[in-house]
């Protein structure tokens, strides 16, 4: 008697998705446009997919596309490890595996008729871009919209053309700053937190969404709180190693939080104590 | 009358809210309004440092000419920042270029006049130096973060 | 409960035979390489008859008993998680297909399993793992396939081991639920032969029992079973105070005791491997020479550096942080994540720690210290 059973399409199986377009963003960062496995992949801003490269491995990557255009799956990726480097070598027509979307979302509902303050550092703009798309296509849901973005150098700025276009709009404020003002840079130089104190949002009603390296989020959240934004309305995206994406493998724990299942997005009021403990 | 209204304008500046009205009146004796357009230099490295600036509006880049990489922007300052503490200490020389990126409106406080008042009234001096030190403290924190290089890719 | 019964000693063999006849793989305790492990059973004689285990922190020995007890020992290094959440398995295979690839899931051996002689702590641990792996928003289909029809024959512990503290965790020593049948071994007494008092937990348990010769228990059988359970609780020396335990650990991540225990811990991962609830796994993508790729899932341990590795380095480089993570997750974070403690009080992590680290001592030390500090601040 064969007792082997077909267990059905499991959450653990990557589904093939074909690359339709590759956009080089910076020296180490690129954007992949993919045909979603079922023709479309509905997601909420802030959610991520597990991307699989044949024989190399799998990594969690946030979706950087427009939630109102789920027929194109867009991921912006920084090449830092074996899998992301393999992804960088791919060209249109190549196929990657996709599992997802997983994780919770930036609380765009919370932003209803509030000032929206998006604070991004480096690659952290990618998971926040769906929030910006959402805010622009549901513009009346928000009061003022701010995008405050910091990078290492001017050549690390992502989505430059889009930022320029957003900057030209009258219904949103976009401010950029870099840590290293190299030759030819005529924008702001300094950490991203300096943009917070200069932005004239209404702190008592603002909702802030912060994404970047942990230390950057820590300081940005603190600056926002010092400027009067309630800790419950400052959101950060936490990061730990993610393997399964669905709460089964345990790797992504940060203190008592299981990030892939309950996060990765948390209000600062909850994240603050997680930030405070070393090696949690 | 002129001094009086300038003192009131100074009192609006977030940096100076901790100074008493008497001290603001005293300070306003050295102050004047300055406008400067984008692209112009407020001062250049090596020149005599004769003024302390309180930025009311605008963006100013603090730049260093660093051949062969040309000019680097070390930091930008703007509304609410204090610029030019070189006037307080010998040799009263600017150590950096200040180039205006966005039209700026500033209070300029004459260096010689200020130094004289600081010596003449140590109570005023103490309170003004607290303002300067508090600002330097904030700027240092910013710079500390900036030099952490938090976005650097870790090689694996 | 759906009634009770008594089974003569020979009934044990009949019970195993009945389960095998129903198509179950019967998994229970056996002696192997000087330890009691879990393996397939064919007969009652496969059980560790007349054997006892001596356990203490960092020590485990088998020794002969002076009687013919069939369950005169407690738990060994194996837990039932190895049956449902197997140590290593290939999740799927991938074959190149032009520029794309084709993913094929590997089949699951889902022959129904009967856990035979499962201790109360292990029955509870299976329930804990169910909450993690089968009852979340994304159940692990492989775990579910193996687990869903499992039959459970539990056994009450009459003689708890020296590292056991299930009474503190409210899981034992007598199984309260989660079984089809539960046995209490009644050793022979003058005029009363060796027998087993049986509690029936489910209709299915009743049906299986009905295939085996059994009798109604006497009041004396029931009294003896109850007395044995009470005596077992009374004889359990090890204790873990669980009052406010979650907050105690969550609130004291910087306690110096973590550093002290880190000096003893050698991060060997034994505790996580023997723990019946530890569920963490790693997934590795490997490529074969034939150009096929596969994903292999393996038990992982939060005591390794690679477990928390992100680009740039491990999130928990210090031993202190890793031990703290393990214990705090087990006793505190687990409650937040899955609604119950992750510890069932089986004591395996104490016995199998080569350094003899005893989590109950670590918790007690933190608790005593925090209490003392609180007292001192009140005096001040």
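Throughout, read-outs are computed from the coordinates displayed, never taken from laboratory work. Keep in mind that this is a model prediction, so the values were computed, not measured. Using ideal geometry, Cβ is built from the backbone for each residue, glycine included, and neighbour counts are taken over all protein chains shown.
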Fill in the blank from the handout: The rounded separation in angstrom of the Cα centers of the range A:51-90 and the range C:112-171 is 39 Å
Fill in the blank from the handout: Placing each pseudo-label 7 Å from Cα in the direction of the beta carbon, residue A:277 and residue C:292 end up separated by a distance in nanometres of 4.4 nm
Exercise for the section: As a check on your grasp of the helix formula, calculate [θ] at 222 nm for chain C: sum -39500 (n - 2.57) over DSSP H runs of n ≥ 4, divide by the residue count, round to the nearest 500. Expected result: -9000 deg cm²/dmol
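Give me the number: length gained by fully extending residue C:63 to residue C:306, i.e. 0.36 nm times residue separation minus the C-alpha to C-alpha distance, one decimal in nm. Intermediate results must be reported in sequence, preceding the final value.
On the way: separation 243, 0.36 × 243 = 87.48 nm, distance 3.87 nm.
That works out to 83.6 nm of additional length.
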Handout entry: In nm, spacing of pseudo-spin labels at residue C:226 and residue C:263 (7 Å Cα→C-beta vector)
Key = 5.1 nm
Problem - Gap separating the Cα centres of the range A:159-200 and the range C:1-55, nearest whole Å - result: 71 Å
Handout entry: Using alpha-carbon coordinates, inclination of helix A:214-226 to the longest axis of chain A, degrees
Key = 40 degrees
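Can you sort A:238, A:73, C:289, C:9 from fewest to most other Cβ atoms within 10 Å of each residue's own Cβ?
C:289, C:9, A:238, A:73
So how do C:362, A:214 line up by other beta-carbon neighbours within 10 Å, fewest first? Show your work: numbers first, answer last.
On the way: C:362 21, A:214 17.
Neighbour counts put them in this order, fewest first: A:214, C:362.
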Problem - On Cα atoms only, tilt of A:125-137 relative to the major axis of chain A in degrees - result: 70 degrees
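Using 1/(1 + (r/R0)^6) with R0 = 45 angstrom and r between the beta carbons of residue A:183 and residue A:15, what's the FRET efficiency to the nearest 0.05?
0.45
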Handout entry: Share antiparallel - DSSP beta bridges, the protein assembly as shown, percent rounded to 5
Key = 75 percent
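Grab the alpha carbons of chain A, take their convex hull, and tell me the volume per residue in Å³.
145 Å³
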Handout entry: Relative contact order %, the range B:1-88, counting alpha carbon pairs below 8 Å whose residues are six or more apart
Key = 26 percent
Completion exercise
Averaged over residues of B:69-79, the number of beta carbons from other chains lying within 10 Å of each residue's Cβ is 6
Fill in the blank from the handout: Counting every C-alpha pair in the protein assembly as shown, the percent lying more than 48 Å apart is 37 percent
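Within chain C, what percent of beta bridges assigned by DSSP are antiparallel, to the nearest 5?
80 percent
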Problem - Computed [θ] at 222 nm, deg cm²/dmol, chain B (DSSP H ≥ 4; -39,500 (n - 2.57); rounded to nearest 500) - result: -11500 deg cm²/dmol
Practice task
Mind giving me the nanometre distance, one decimal, between the label points for residue B:113 and residue C:187, set 7 Å out from Cα along Cα→Cβ?
Solution key: 10.3 nm
Exercise for the section: Round to the nearest 10 and give me the degree value, 0 to 90, for the angle of helix B:111-120's Cα axis relative to the longest principal axis of chain B. Expected result: 50 degrees
Practice task
Estimate the FRET efficiency between residue C:241 and residue C:336 by the formula 1/(1 + (r/R0)^6), using the beta-carbon distance for r and 30 Å for R0, to the nearest 0.05.
Solution key: 0.95
Exercise for the section: Just report the Cα centroid separation between the range C:186-207 and the range B:99-156, whole Å. Expected result: 84 Å
Exercise for the section: Neighbouring Cβ atoms within 10 Å as the yardstick, rank B:94, C:326, A:166 fewest first. Expected result: A:166, B:94, C:326
Fill in the blank from the handout: One finds, for residue A:137 and residue C:88 with R0 = 41 angstrom and r their Cβ-Cβ distance, a FRET efficiency to the nearest 0.05 of 0.30
Exercise for the section: State, as an integer percentage, the relative contact order of the range C:4-235 based on alpha-carbon contacts under 8 Å between residues 6 or more apart. Expected result: 24 percent
Exercise for the section: Compute the relative contact order of the range B:2-147 as a whole-number percentage, counting only Cα pairs closer than 8 Å that sit 6 or more residues apart in sequence. Expected result: 30 percent
Problem - Inter-chain Cβ neighbour average for residues A:174-180, partner chain, 10 Å - result: 3
Practice task
Specify the residue with the greatest mean-square fluctuation among A:139, A:198, A:261, computed from a Gaussian network of chain A linking alpha-carbon atoms under 10 Å apart.
Solution key: A:198
